[in-house]
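I have placed the structure first, in the form of structure tokens, so that the comments after it can refer back to it.
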Amino acid sequence: MYPVEIVQPMKEELTENGFAELLNRDDVENQIKKEGTTLVMINSVCGCSAGTARPGVLMAVHNASKKPDFLTTSFAGFDTEAVQAVRQHLLPYPPSSPAIALFKNGELVHYIERHQIEGRSAQMIASNLISAFEQYCN
């Protein structure tokens with residue numbers, strides 16, 4: 001598990017922008033089953049999280065005309081129980097961090113894995129997400 005002093009600023013980059021933390025299995029299960037759309041950002045300490053994933057997610061949320069009903073995040077290697085629970089909802093995809101998932105009425109409708117984040121700009125990730133928001137969000 002990563003030290004809190006490393007993780008906290010990376011968590012705050014999202015929570016200070018309206019993302020609610022999913023910290024345990026109950027948080028995940030209660031959130032995923034909600035009616036509407038839920039964006040889940042599986043945060044990470046890796047460079048692609050800071051360089052493109054978090055900035056891309058924030059750019060999408062700030063610039064999209066249609067947005068998810070709920071913005072949530074959980075931190076891989078720190079919020080272990082919650083991340084494990086989210087990953088159960090992402091099957092058959094293998095574990096990935098960072099990763100960005102969009103659920104609608106409890107069903108996974110859009111997913112961006114780490115290999116789709118690496119080497120892509122924040123703008124490309126934001127564009128991908130905005131397209132998904134247009135398709136699935138009200």
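The values are calculated or read from the model by the stated rules, or taken from the named source; none is laboratory data. All of these numbers come straight from a predicted model, not from anything done at the bench. All Cβ positions, glycine included, derive from the backbone under ideal geometry; neighbour counts span all protein chains shown. Surface accessibility is based on the protein's heavy atoms, side chains included, excluding ligands, DNA and RNA. Shrake-Rupley method; radii C 1.70, N 1.55, O 1.52, S 1.80 Å.
Counting only pairs 8 or more residues apart or on different chains, how many lysine pairs in the chain have their Cα atoms under 14 Å apart?
Lysine pair count for the chain: 4.
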CD proxy at 222 nm, helix term only [per DSSP H run n ≥ 4: -39500 (n - 2.57); per residue of the chain; nearest 500]:
-12500 deg cm²/dmol
Classify region 4-136 as rounded, prolate or oblate, taking a ≥ b ≥ c as the square roots of the eigenvalues of its Cα gyration tensor: rounded when a/c is under 1.5, otherwise prolate if a/b is larger than b/c and oblate if not.
rounded
Quick check: from the Cα gyration tensor, does region 1-64 come out rounded (a/c under 1.5), prolate or oblate?
oblate
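Using a 1.4 Å probe on the protein heavy atoms, what percent of the accessible area of region 54-138 belongs to carbon and sulfur?
49 percent
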Under a Cβ-only charge scheme (Lys and Arg +1, Asp and Glu -1), can you give me the dipole magnitude of the chain about the Cα centre, in debye to the nearest 20?
380 debye
